[in-house]
Amino acid sequence: MRKYTISILLIISIFFVTSAEAMTKDEFIPKIFDALGYQIKVEKFSDTSDTITKSEAIRLLLEGMGWDFAISAVESLYILPDFSEKDLLKEMFQNITPALPETILSHLDEAFTVEDLTPLREWIKKAQKNVSWKGIYHSKDTTLTIIKRGIGNPSGPANGDIKNGKNEPLYIASLSIPMARINSQIATAVMIGSKKAPLSRIAEENYGVIGGINGGYFAGAKPIGILRRQGHMDNNKFWPHRSAFGWNSKGEIVFVDGKEIGNISTTKGLDKYTEILQAGPLLIKNGEISPNTENVHINILDRRHPRTLVGYNKNRVIWCVIDGRDNMHSVGTTIEETKKLCLHMGMTEALNLDGGGSSSLLWQGQTLTLPSNSNDAERPIPYAILFFQKGSGVRD
């Protein structure tokens, strides 16, 4: 009888030890696929050790959900002195909604075991209905905000299911700039010896750049609509009915409604704004959605695209990029969806800028948006808006 008792205890002991053993990456990934209901290329996952920690398991899961670029964006901040000693990934994991299982979050450095699968599967069920994260990072008097929501759909269209999509992936990066304290100027590619150049190159050819973003529309290498920089007109051809945004070194700003002005270049009240760019349509005016489409082509209005926009919220200007055309990373927004997003972000004024493959945002030397071009490369643009450290400005 004693022998049988010992054997039973041994079997029970082996069972519990086995169930508590750390899982390997190769064991874990099929479990992710099973819970998510789809598969993606294994190459999409980051390299890990043979057995994985709880932290590595969360990372692999998020990568499977299409959050790999968001993770890489957060990791790119580690090179900056302001964040080098912080555990930004841990902060990210802790701020995801719905909250990840506490049994996992509170032991991130420990081995991920079979027993952890059950609470993680339950979390995935909740996440499939609605999941989001918001990261806020302050440095050099500017604020970077990254928003990620939704789970990717590898078999879905690049611009998502507009009619039925409820939790589609979206990635947004924005810079909040106090225009009175941060020198903000338009910089052209011509100033660095090119007709057009990627945002990152325009930025690196200027000294003291904190960040930058693409601007308004263009044809070939020529801006479309009014473009004034440092008080001088680079392009004085007014684009009828299209709206504009202007500012100066004092921090004074103006959103110009295209349907209420004859010609920006001949309106003396706008002379004090040394930097003006024309784009459109106007998204938000006086805290309400602007109904004016400004004769923008319906495909730009009603289809989802990557978007670049500029808005105003509580004494700060917000320059924002919404990634798009990627069914795993971010599907983009229609103009109406963009307007609602601007209101959600608290903007009282907002203007749509050039989007699509031109959309790009840079901060502290890092490009924090994903180009929608087929080769994932930045599109060359004729000019950009750059934000400088005190004492620095556009290269002459």
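Could you please find all residues in the range 226-245 being small (G, A, S), in contact with a helix residue (DSSP H, G or I) (Cβ under 8 Å, 6 or more places away or on another chain) and in a loop (DSSP other than H, G, I, E, B)? Step through it out loud before you land on a result.
Here is the first cut: in the range 226-245, the ones small (G, A, S) are 231, 243-244.
If we keep only those that are in contact with a helix residue (DSSP H, G or I) (Cβ under 8 Å, 6 or more places away or on another chain) too, we end up with 243-244.
Residue satisfying the conditions is S243 alone.
Go through the range 379-393 and give me each residue that's in a loop (DSSP other than H, G, I, E, B) and surrounded by 21 or more Cβ atoms within 10 Å (Cβ to Cβ).
Of all residues in the range 379-393, those in a loop (DSSP other than H, G, I, E, B) come to 379-380, 382, 389-393.
Selection gives P382 alone.
Pull out all pairs, ordered by first then second residue, where Cβ-Cβ is under 8 Å, the residues are six or more apart or on different chains, the first lies in the range 261-275 and is in contact (Cβ under 8 Å) with a residue 60 or more places away in the chain, and the second is open to solvent by 40 Å² or more (accessible area, probe 1.4 Å).
Close Cβ pairs (under 8 Å, with a partner that is open to solvent by 40 Å² or more (accessible area, probe 1.4 Å)) amount to E275/R229; E275/Q230.
Identify the residue in the range 246-283 that is charged (D, E, K, R) and part of a helix (DSSP H, G or I) and, among all such residues, is nearest to the chain's Cα centre (by Cα).
Narrowing the range 246-283 to residues charged (D, E, K, R): 250, 252, 257, 259-260, 268, 271-272, 275.
Applying the additional criterion that residues be part of a helix (DSSP H, G or I) yields 259-260, 268.
Values: K259: 31, E260: 32, K268: 37 Å.
Result: K259.
Out of the residues in the range 184-217 meeting the condition of being of a type in the set (S, T, N, Q) and more than 14 Å from W319 (Cβ to Cβ), tell me which one is surrounded by the most Cβ atoms within 10 Å (Cβ to Cβ).
Looking at the filtered set, the residue picked out is T188.
Need the failing condition index for G150 against (1) open to solvent by 10 Å² or more (accessible area, probe 1.4 Å); (2) at positive phi, just the number.
The failed condition is (1).
Please find, within the range 275-332, the residue that is farthest from I381 (Cα to Cα) out of those that are among the acidic types (D, E) and in contact with a Ser or Thr (Cβ under 6 Å, 6 or more places away or on another chain).
Going residue by residue through the range 275-332, those that are among the acidic types (D, E) are 275, 288, 294, 302, 323, 326.
This time we only want the ones that are in contact with a Ser or Thr (Cβ under 6 Å, 6 or more places away or on another chain), so: 302, 323.
On the way: D302: 24, D323: 17 Å.
Restricting to residues being among the acidic types (D, E) and in contact with a Ser or Thr (Cβ under 6 Å, 6 or more places away or on another chain), the top hit is D302.
Hey, among A350, A279, which residue is among the small types (G, A, S), at pLDDT 95 or above and touching a helix residue (DSSP H, G or I) at 6+ places or on another chain (Cβ under 8 Å)?
A350
Can you tell me which condition K90 does not meet? The list is (1) surrounded by fewer than 16 Cβ atoms within 10 Å (Cβ to Cβ); (2) closer than 28 Å to I182 by Cα; (3) charged (D, E, K, R), and all the others hold.
With (1) surrounded by fewer than 16 Cβ atoms within 10 Å (Cβ to Cβ); (2) closer than 28 Å to I182 by Cα; (3) charged (D, E, K, R) applied to K90, the lone miss is (2).
Only strands (runs of 3 or more DSSP E) wholly contained in the range 306-353 count here; list those with 1 or more residues that are crowded, with 24+ Cβ neighbours inside 10 Å and polar (S, T, N, Q). Break it down into steps so the answer makes sense when it comes.
Details: elements: 307-313, 316-322, 349-352.
Filter on the range 306-353 gives 307-313, 349-352.
Does any residue in the range 355-378 that is open to solvent by 40 Å² or more (accessible area, probe 1.4 Å) come within less than 6 Å, Cβ to Cβ, of a residue that is at pLDDT below 95 six or more places away or on a different chain, and which pairs are these?
E378/P371
Mind checking which residues of the range 20-52 are among the aliphatic types (A, V, I, L, M) and either assigned to a helix (DSSP H, G or I) or under 29 Å from the mean Cα position of the chain (by Cα) (or both)?
Step one: of the range 20-52, the residues among the aliphatic types (A, V, I, L, M) are 20, 22-23, 29, 32, 35-36, 40, 42, 52.
Correct list: I29, I32, A35, L36, I40, V42, I52.
Can you go through K195, K125, K134 and tell me which one is assigned to a helix (DSSP H, G or I) and either out of contact with any Leu (no Cβ under 6 Å at 6 or more places or on another chain) or free of Cβ contacts under 8 Å to residues at least 60 places away in the same chain (or both)?
Values: K195 fails: assigned to a helix (DSSP H, G or I); K134 fails: assigned to a helix (DSSP H, G or I).
From the options K195, K125, K134, the qualifying one is K125.
For the condition open to solvent by less than 80 Å² (accessible area, probe 1.4 Å) and part of a loop (DSSP other than H, G, I, E, B), what is the one hit in L117, L100, L77, L61? Explain how you work it out, then say what you get.
Numbers: L117 fails: part of a loop (DSSP other than H, G, I, E, B); L77 fails: part of a loop (DSSP other than H, G, I, E, B); L61 fails: part of a loop (DSSP other than H, G, I, E, B).
Sole residue among the options that is open to solvent by less than 80 Å² (accessible area, probe 1.4 Å) and part of a loop (DSSP other than H, G, I, E, B): L100.
Which members of the range 151-191 meet the condition of being in contact with a helix residue (DSSP H, G or I) (Cβ under 9 Å, 6 or more places away or on another chain) and not in a strand (DSSP E or B)? Spell out the reasoning first.
Taking the range 151-191 first, the residues in contact with a helix residue (DSSP H, G or I) (Cβ under 9 Å, 6 or more places away or on another chain) are 151-152, 162, 167, 170-173, 187-189, 191.
Once the filter is applied, which keeps residues that are in contact with a helix residue (DSSP H, G or I) (Cβ under 9 Å, 6 or more places away or on another chain) and not in a strand (DSSP E or B), the range 151-191 yields I151, G152, I162, N167, A189, M191.
Here is a check on your reading of the model: is E91 in contact with a Pro (Cβ under 9 Å, 6 or more places away or on another chain) and of a type in the set (D, E, K, R)? Talk me through it step by step, then tell me what you get.
Numbers: in contact with a Pro (Cβ under 9 Å, 6 or more places away or on another chain): no; of a type in the set (D, E, K, R): yes.
Judged against the criteria, E91 is not a match.
The values are calculated or read from the model by the stated rules, or taken from the named source; none is laboratory data. Small disclaimer: the values here were computed from a predicted structure and weren't measured. As a convention, Cβ positions derive from the backbone with ideal geometry for all residues, glycine included, and neighbour counts pool all protein chains shown. We work out accessible area using only protein heavy atoms, side chains counted, and drop any ligands, DNA or RNA first. Shrake-Rupley method; radii C 1.70, N 1.55, O 1.52, S 1.80 Å.
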